[in-house]
Amino acid sequence: MFKKLLALTFVLVSGAAMAGGFGGVEYNYVDGIGASKGVTSNGYTVTLGTNVAPSTAVELKTSFARVDSVGSTGNALEAGITQSYGLGNGITAYARGALGKLWTNGADLTYYSVEPGLKYAATPALTLSAGYRFRDSTNSDKVFKTNTVRLGGEYALSKTSAITVGYDRYYGDTEANGLNVGYAFKF
C-alpha cells in the first residue's frame, strides 16, 4: 500500500505542477461526548491534490492528532478521489471515496471511507456544504467504524485562496463533536 501512496503522491505533484492543483492546511479540535466524554484531541491536516478532469479530483491527505486526556497520538495518510456533478442553481453533488492508513500508539490499521454530499454557492465568495461520511477498518478485528455528519463553509479571499470552517458530528465507535478551521489554496 505504501508504494501505491508514493505513486499517487508523484501523480499529484506532477499533475498539480501543470494546472488545477489545490491544497490546504487545517486545524482540527475534537471533543468527545456520550461514550467518548472527556476525550479531546488537537491536530492538523495537510492536503495536496489536483483536478484530473473537469469534475474529478484526486488528493492526498496527511493528518496528526494528539489525544490530550491520555497523551496518545495518531498519524494518518489518506488517498481520495472526488467526483462532482452540477445540479444547477449553484448546487453541486459530490461523492468521495478514500483509502488510508492510520498509525497510533496502540495499533495500526488500514481503512476506507465513502462520503456523499452537497455544496451550495450562496454567493460568488461563499460556498456552504453538507455531507455524510462512513469510515471503517478493512480488518474486521479492528474497531474503527464511524459515521460523521459534516457541515462546512468556504469563504474565498481571492481566486486562489480561501478560509474554511467546518463542524463534524461523529457517532458510532466514536462519539464526538469536531471543529475545523483552515486555509485552502489553488495553483
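The values are calculated or read from the model by the stated rules, or taken from the named source; none is laboratory data. Computed from a prediction, not measured in an experiment: that's the story for all the values here. Every residue, glycine as well, gets a Cβ built from its backbone with ideal geometry; the counts of neighbours run over all protein chains shown. Surface accessibility is based on the protein's heavy atoms, side chains included, excluding ligands, DNA and RNA. Shrake-Rupley method; radii C 1.70, N 1.55, O 1.52, S 1.80 Å.
Observations on the model:
- The 3J(HN,Hα) values that the Karplus relation (6.51, -1.76, 1.60; θ = phi - 60°) gives for region 57-67 are, in residue order, 10, 10, 8, 10, 10, 10, 9, 9, 9, 10, 7 Hz. Gly and Pro appear as x.
- Debye, to nearest 20: dipole size of region 37-180, +1 on Lys, Arg Cβ, -1 on Asp, Glu Cβ: 180 debye
- Between helix 2-18 and the chain there is an angle of about 30 degrees, using the helix long axis and the longest principal axis of the Cα atoms.
- Furthest towards positive pole of dipole, G166, N177, A121, structure part region 85-182, Cβ charges: A121
- Value of [θ]222 nm, deg cm²/dmol, for the chain, DSSP H segments ≥ 4, -39500 (n - 2.57) each, nearest 500: -3000 deg cm²/dmol
- Gaussian network model of the chain, Cα within-10 Å springs - most flexible of G152, G106, G117: G106
- Share antiparallel - DSSP beta bridges, region 118-180, percent rounded to 5: 100 percent
- Once C-alpha pairs closer than 8 Å and six or more residues apart are averaged by separation and normalised to the residue number of the chain, the relative contact order reads 19 percent.
- Largest accessible area first, the listed residues F22, F187 line up as F187, F22 when surface is computed with a 1.4 Å probe on the assembled protein chains.
- Of the residues R169, R66, the one with the largest accessible area comes first in the ranking R66, R169, computed with a 1.4 Å probe on protein heavy atoms.
- Residue with peak Gaussian network fluctuation, the chain [Cα springs, cutoff 10 Å], from V39, V149, V70: V70
- Chain lengthening between A121 and L157 when straightened (0.36 nm per residue, less Cα-Cα): 11.5 nm
- Computed with a 1.4 Å probe on the full set of protein chains, the accessible area for I33 sits at about 50 Å².
- For region 93-100, Karplus couplings with θ = phi - 60° (6.51, -1.76, 1.60), whole Hz, Gly/Pro x: 8, 9, 9, 10, x, 8, 10, x
- A simple rule links phi to the HN-Hα coupling: the Karplus curve 6.51 cos²θ - 1.76 cosθ + 1.60 with θ = phi - 60°, which for region 110-118 gives 9, 9, 10, 9, 10, 9, x, x, 10 Hz, with x for Gly and Pro.
- The order of L118, L109 by accessible area, most exposed first and with a 1.4 Å probe, is L118, L109.
- Above-threshold pairs, the threshold being 23 Å between Cα atoms, out of K145/K186; K61/K186; K119/K186; K37/K101; K101/K186: K145/K186; K37/K101; K101/K186
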